[in-house]
């Protein structure tokens, strides 16, 4: 037995050949080699990570069912073991109810460029980007907590026994910073994260300035007693920020597997009015500013710009080849190998349905107009607890922070605002859509105003407030340092 | 791929160039199995073998780290050493490490039935049976069951002479049930079972009962009326205790985070919770009442033996959770909390098994209900999110019951519970020290892009003023 490590190409070709020899009906080999560098600096304490994730995974169709296996060890023995395991996994499932195959080769006419300069990024460049990002943060009056730069680039190869051979470069660079403000009684913090597939599209200094500006907007938040159904403006980060916004719930409800299992409210509602008439929601695998945009999805099907909801009407669900076959239709190029226990290492994740870039089409209202049209309500910047939502009904109960609006004016920043509702009702209650989209991590969305949502919040107790007043006094008089953050 | 000691020595020798004061490596060989079934159909059967090497160096007071395939070890060492140029550039002070004992050990977490010895056919049948156990009611519209096992082999070595090999198996099963009522309203409920150990997990509780638990909660939840949002005095069950202890309190006590910010910063030796409240994080506790924890870890990923850390004792903050570097900064002992998700991640400060307990005189569950008088009983955590700087949290609940005149009465539809960490710690009325079944309270804690297995089980406790809905 040859114990030498194969190249990824060799491993894929050998695996496909070996699987056919083992009587697999169809076989697909996927391999990737991705170099990543991460720099994180918290309060002058840097940590760095630098490495290569390399490996192969195989899907086989045997007895008309699919089995999957992966290995990061590219010896002949490991590849053969992976194929045997994948066949074993397929056998144990028994025959599927529909005839299965892997995608046929379809040349992509998609125009998605890969920025080759990404491959030239080295460690000292990462340091330069960090310098540009931190300078505005350190120059501000705020407490600079830390910043992060993430870089990832490499090759993804997909071959299958139907003759499909897709090889594409993937990669992006991104980063962001967090700052803390001690203005007012309650400390507030925040920041910005952004990324791009194009090195020269990122202005690190501008990002630093935006991080400062975002935190300054919410300095000195209050807690208030409030209970009622009022208009709520969701800012882009509350809809789809790096920590997940309400659109992640909608995406989960529009997955083809949820449709097949009829586990989503939207099952059997294609063609129905499910949102306000001017609301359009798209998953775009080709978006110029999409971090994951590529010519092909992760099983070699050309990616698409897919309207999910168009002018309020439900048009499509996200589909990969498997669920498209189950639903007797065609894949719309939404297969992904990111997520699950594999995180951002595509080798370990069995292919599944995923999103590329979630886009909400711009409307015709400015943010200022949305505020002016709100007699009393809230503008919400970010949310906590979205991942605990009910992905069947779309019901959510989250905690947010943002601003209180009265008589068409932003009054003051607020926090600990409990917001509850459900996505189907929320979509129908969108009454204003912002005209300026914000490019986030996997999202391009404008602010949305919802005509009414249930809000609950409580003011902090007098005892707690007295403690904060005392603390403020002592720190203002420089009798003590604020305990919440390092210098 | 087990690397021989002489090769480990060779890799570490390559690291020890001028200026390098410390080097360690982790070699991982892990087997993974994932099976998922939806509505009676097998959705995924996958297996995998992951192996690799992570190398960390401390050079001139700055960290370098790199990872890759074991066979590329020379290149990995070069990358780790070259990455120091980046950390050197931005460090404000030198990193120093607290001393740790030099240990040579080979430890296998005890298990009766290796998951590697159970056939994929048997595992698939078990997941099918779990899914089937959820079915059988007109209100049920969708079911799913997922199984995962990980058989982890980790070798750790450092230039100080520590050589540890650990074999750690994890086995876990989850079930989810979605119900739909006549009005079109839907409700989802789930149940989990897992531990650090072998397939004997299912000898104690059959897999089907996980499905039955999910079914029971979903059917009860869809029929239960919603609750009016607002502030309530509450009794939290063991899973909710563990969730609050972990998310709201534990993260704020992590020695790396607290160097930057957080509500427990600068509060060592100060009263941060009600009297008689203790917060514990313990990686060394293997089981309680015959149920094995999910966060059991003989040694952490810096080769430090794990033990029990009393973070808060009788309401007073006593200790942060530390790796060797944060221990040096805080002039404390390493607490065995350095953990990495994979060989490709750097160890960072993480929790293991975390809970709140009564320092003395625990109250019984009945006494806690009586003490609340009128309020809510919150059971079965559904995950959560915390803002450790603002000190706020938002948790999902699996069951909500009304407490009226010291009696548990009607069931309500579960929703979220939110609050402020310090205010909640100071509002604890009492705690029961008898653990609920810890194999039901398992989770993966996310931090810095890494998810590691943790247990969030504990005893019941009574708290004032939790915001519901």
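The values are calculated or read from the model by the stated rules, or taken from the named source; none is laboratory data. Computed from a predicted structure; not experimentally measured. Counting neighbours? That spans all protein chains shown, and the Cβs are built from the backbone with ideal geometry, glycine included.
The residue list B:97, B:79 contains one member that is closer than 30 Å to residue A:130 by Cβ and under 26 Å from the mean Cα position of the chain (by Cα), which is B:97. Looking only at the range A:473-486, decide whether some residue is away from chain B (no Cβ under 14 Å), in contact (Cβ under 8 Å) with a residue 40 or more places away in the chain and loosely packed, with under 15 Cβ neighbours inside 10 Å. Taking every residue of the range A:473-486 in turn, none turns out to be away from chain B (no Cβ under 14 Å), in contact (Cβ under 8 Å) with a residue 40 or more places away in the chain and loosely packed, with under 15 Cβ neighbours inside 10 Å.
Listed residues A:289, A:283, A:278; which is at pLDDT below 95 and either in contact with a strand residue (DSSP E or B) (Cβ under 6 Å, 6 or more places away or on another chain) or surrounded by fewer than 19 Cβ atoms within 10 Å (Cβ to Cβ) (or both)? It would help to see each step written out before you state the result.
Details: A:283 fails: at pLDDT below 95; A:278 fails: at pLDDT below 95.
Residue meeting the stated conditions: A:289.
Here's the yes/no breakdown for (1) surrounded by fewer than 24 Cβ atoms within 10 Å (Cβ to Cβ); (2) under 26 Å from the mean Cα position of the chain (by Cα); (3) under 25 Å from residue A:322 (Cα atoms); (4) more than 9 Å from chain B (Cβ to nearest Cβ):
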| site | (1), (2), (3), (4) |
| --- | --- |
| A:40 | yes, yes, no, no |
| A:45 | yes, no, no, no |
| A:56 | no, yes, yes, yes |
| A:63 | yes, no, yes, yes |
| A:76 | yes, no, no, yes |
| A:81 | yes, no, yes, no |
| A:89 | no, no, yes, no |
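When you look at residue B:9, is it more than 10 Å from chain A (Cβ to nearest Cβ) and modelled with pLDDT of 95 or more, yes or no? Criteria not met by residue B:9.
Residue-wise test of (1) in a loop (DSSP other than H, G, I, E, B); (2) within 14 Å of chain A (Cβ to nearest Cβ); (3) within 18 Å of the chain's Cα centre (by Cα).
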position	(1), (2), (3)
B:357	no, no, yes
B:360	yes, no, no
B:366	no, no, no
B:371	no, no, no
B:378	no, yes, no
B:383	no, yes, yes
B:386	no, yes, yes
B:390	yes, yes, no
B:394	no, yes, yes
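Which members of the range B:406-435 meet the condition of being assigned to a loop (DSSP other than H, G, I, E, B) and more than 15 Å from residue B:462 (Cα to Cα)?
Start the filter on the range B:406-435 by keeping residues that are assigned to a loop (DSSP other than H, G, I, E, B), which leaves B:406, B:413-415, B:426-427, B:432-435.
Correct list: B:413, B:414, B:415.
Per the listing A:420, A:379, A:401, the residue uniquely surrounded by 22 or more Cβ atoms within 10 Å (Cβ to Cβ), within 23 Å of residue B:419 (Cα to Cα) and within 14 Å of chain B (Cβ to nearest Cβ) is A:401. Regarding residue B:101, is this residue assigned to a loop (DSSP other than H, G, I, E, B) and within 7 Å of another protein chain (Cβ to nearest Cβ)? For residue B:101, the condition - assigned to a loop (DSSP other than H, G, I, E, B) and within 7 Å of another protein chain (Cβ to nearest Cβ) - is not met.
Could you pull out every one of the strands (runs of 3 or more DSSP E) wholly within the range B:4-94 that has 1 or more residues that are touching a helix residue (DSSP H, G or I) at 6+ places or on another chain (Cβ under 8 Å) and free of Cβ contacts under 8 Å to residues at least 40 places away in the same chain?
Working: elements: B:20-38, B:41-59, B:62-68.
Correct list: B:41-59, B:62-68.
If the condition is being facing another protein chain (nearest Cβ under 9 Å) and within 25 Å of the chain's Cα centre (by Cα), then the range A:128-149 contributes A:130, A:134, A:145, A:146.
Would you check if residue A:359 is within 14 Å of another protein chain (Cβ to nearest Cβ) and either assigned to a strand (DSSP E or B) or within 30 Å of residue A:185 (Cβ to Cβ) (or both)? Even if it seems obvious, please write down each step before you answer.
On the way: within 14 Å of another protein chain (Cβ to nearest Cβ): no; either assigned to a strand (DSSP E or B) or within 30 Å of residue A:185 (Cβ to Cβ) (or both): yes.
So residue A:359 does not fit the description; no.
Against the condition within 12 Å of chain A (Cβ to nearest Cβ) and outside any strand (DSSP E or B), how does residue B:213 come out, does it pass?
Details: within 12 Å of chain A (Cβ to nearest Cβ): no; outside any strand (DSSP E or B): yes.
No, not satisfied.
Scanning the range B:163-198 for residues that are over 22 Å from the mean Cα position of the chain (by Cα) and within 14 Å of another protein chain (Cβ to nearest Cβ) yields B:177, B:178, B:179, B:180, B:181, B:183, B:184, B:185, B:186, B:187, B:188.
Could you grab me the full set of residues in the range A:13-30 that are under 16 Å from residue A:351 (Cα atoms) and either over 35 Å from the mean Cα position of the chain (by Cα) or buried (at least 22 other Cβ atoms within 10 Å of the Cβ) (or both)?
Hits for the range A:13-30 are A:27, A:28, A:29, A:30.
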